[in-house]
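A short write-up of the structure that comes next.
The values are calculated or read from the model by the stated rules, or taken from the named source; none is laboratory data. All of these numbers come straight from a predicted model, not from anything done at the bench. Cβ atoms come from the backbone with ideal geometry, glycine included; neighbour counts cover every protein chain shown.
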Amino acid sequence: MQLPTQTFTTHRLVTLPSKDELCKAFVGQPLSSLRSPAAIIDRSIFKANCQAMAKKVKDNGLRFRAHVKTHKTVEGIALQVEAGGKVDKAVVCSTMTECWQIAESRLVKEGLVNDILYGMPIALDKLEDAKSLANYLRPHNAQFRLMVDSVTQIQALEQYAQKSSQPVGQTPWSVMIKLDGGYHRAGLTVNSDELKQAIRLCLDSPYVELFGFYAHFGHSYNARSEDDAHTYLQGEVEAINGAAKMALEMDSRSSGPDDPYVLSFGATPTAHVSNTLVKDKMYGELELLPPTDRYFRLPRHAGNYCCLDLQQVATNLTSIENVAVSVQSRVISAYPHRNEALCDAGGIAMSKDTGPYPGFGKIVSPKEMSEWELGRVSQEHGILVQKQGAAKIALPEPGQIIRICGQHACMILSNHPWYYIVEDGGDKVVDVWVPWKGW
Ligand SMILES: Cc1ncc(COP(=O)(O)O)c(C=O)c1O
């Protein structure tokens, strides 16, 4: 196979804003002094969400891998890992920039993170980059793992390893096979011939080691109740269960795999109901065989849970009080003839993601404006409209400061250069987090 020209992560060429300078400028300042639109994270809520998830994971006797894509910051990851008592130091990333930034941050140096999974199926132009990162992490006793969802990727990894001096013979690529359980975004279909072929290639290869399987039911965002979420969770568990059985049947080693297969499953809606679908059900009803830690380890993975947003509130598995992220905006103009107002939180600040809740955001402060919502957005313009069916009330005054809870925290935060951190619903900045940018 002709491998494409290799490309490299550009994180070392990107100068991020200085946290020190930002803290000097903003810590201790009231939110009313900030230029809007401004992304705000309530650290107390963020922490409480992390602790609630860690408790569910522990109560279920499971392990955890935190997804970092929602906030992309050192501070956020530290809170995610610390909430679980630093038992689980594994993360999953959505970009190679996130992987590299974590690798070069204090998180790895201080041993808070020792296992990084790049959660996108590996693209063939990133093999050299992936090798460099695996090599970079090794002296820090940290592992880099790749996701695969095609036979071609596994063959490319093999071919690349055969031709290069490392990691051949020393440490093979550690891969998780991504499963498609119905989301139809990425992954191999359970029980498909291609999955069988992929497992076979990994089992036979000296260059590729099968770390485990990964099921992520993104369509669980359609859940509207605990029962719905259970159904999706059951689907995730069935997917990893099916793939694990297939791998065990194909594994000719009489003693089973050298290390237990890691069967990772989750998404924030399914992770919210884990308390009620306990290990019994996974091992019993779904017949995950054999039911022993000798063969399997069961980490959950989730990312959005620490921040939350309107889409998550719409699942009815959490409530708006648990949402840690909001955007502060200002009213700019009022238009009495159409009973609408203009604010400075447009499509860039709020994203254009939608959800069951109408529009692009709910006004969470001030309370008197709870009858308004962010009805339309273009790049920098946000149009405030009255909720359908609400009694007509006075238009907001230009200059009015508002806080908006948006539809999708991951998409919102990724558009802001830094986040202002508050605590316990306070109105003073206590910290500033600078997220990583780029791919
Ligand atoms: C591959 C993968 N794993 C895990 C997650 C985490 O899902 P959630 O943010 O719903 O917890 C995502 C989110 O998109 C994902 O893409």
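Yes/no matrix, rows are residues, columns are (1) under 21 Å from the mean Cα position of the chain (by Cα); (2) modelled with pLDDT under 95; (3) crowded, with 17+ Cβ neighbours inside 10 Å:
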site: Gly303; (1), (2), (3): yes, no, yes
site: Leu308; (1), (2), (3): yes, no, yes
site: Gln311; (1), (2), (3): yes, no, yes
site: Ala349; (1), (2), (3): yes, no, yes
site: Asp353; (1), (2), (3): yes, no, yes
site: Val377; (1), (2), (3): no, no, yes
site: Pro398; (1), (2), (3): no, no, no
site: Leu413; (1), (2), (3): yes, no, yes
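Considering only region 89-107, how many residues are surrounded by fewer than 20 Cβ atoms within 10 Å (Cβ to Cβ), more than 16 Å from the ligand (Cβ to nearest atom) and not in a loop (DSSP other than H, G, I, E, B)?
Qualifying residue count for the region: 1.
Between a residue in region 24-44 that is more than 18 Å from Ser414 (Cα to Cα) and any residue that is among the hydroxyl-bearing types (Ser, Thr, Tyr), which pairs come within a Cβ distance under 8 Å, given they are 6 or more apart or on different chains?
Close Cβ pairs satisfying both conditions: Phe26/Tyr420; Leu31/Tyr420; Leu34/Tyr420.
Scan region 204-243 residue by residue and report those that are surrounded by 24 or more Cβ atoms within 10 Å (Cβ to Cβ), of a type in the set (Gly, Ala, Ser) and not in a strand (DSSP E or B).
Ser220, Ala223, Ala229, Ala239, Ala243
Given the structure, is Tyr420 outside any loop (DSSP other than H, G, I, E, B) and aromatic (Phe, Trp, Tyr)?
Considered against the rule, which asks whether it is outside any loop (DSSP other than H, G, I, E, B) and aromatic (Phe, Trp, Tyr), Tyr420 comes out as yes.
Any residue in region 201-229 that's in contact (Cβ under 8 Å) with a residue 60 or more places away in the chain: show its pairings with residues that are surrounded by fewer than 17 Cβ atoms within 10 Å (Cβ to Cβ) at Cβ separation under 7 Å, as long as the two are six or more apart or on different chains.
Within 7 Å, the pairs are Arg224/Asn316; Ser225/Asn316; Glu226/Thr276.
Filter region 291-301 down to the residues that are within 16 Å of the ligand (Cβ to nearest atom) and in a strand (DSSP E or B), then identify the one that is modelled with the highest pLDDT.
Result: His301.
As an exercise: evaluate Lys86 against (1) within 15 Å of the ligand (Cβ to nearest atom); (2) surrounded by fewer than 19 Cβ atoms within 10 Å (Cβ to Cβ); (3) modelled with pLDDT under 95 and give the number of the one condition it does not meet.
(1)
Please specify each residue of region 110-125 satisfying the condition of being within 30 Å of Val190 (Cα to Cα) and more than 16 Å from the ligand (Cβ to nearest atom).
Across region 110-125, the qualifying residues are Asn114, Leu124, Asp125.
Counting only residues that are part of a loop (DSSP other than H, G, I, E, B) and within 15 Å of the ligand (Cβ to nearest atom), how many does region 60-72 have?
Summing the residues that are part of a loop (DSSP other than H, G, I, E, B) and within 15 Å of the ligand (Cβ to nearest atom) in region 60-72 gives 6.
Which residue out of Glu194, Glu128, Glu158, Glu110 is acidic (Asp, Glu) and within 16 Å of Ile77 (Cα to Cα)?
Being acidic (Asp, Glu) and within 16 Å of Ile77 (Cα to Cα) holds for just one of Glu194, Glu128, Glu158, Glu110, which is Glu110.
Which residue out of Ala156, Ala161 is away from the ligand (no atom under 15 Å from the Cβ) and at pLDDT below 95?
Ala161
Kindly evaluate Phe211 against the criterion of being closer than 23 Å to Ala90 by Cα, out of contact with any helix residue (DSSP H, G or I) (no Cβ under 7 Å at 6 or more places or on another chain) and modelled with pLDDT of 85 or more.
yes
Looking only at region 311-345, count how many residues are assigned to a loop (DSSP other than H, G, I, E, B) and free of Cβ contacts under 8 Å to residues at least 40 places away in the same chain.
The qualifying residues number 1.
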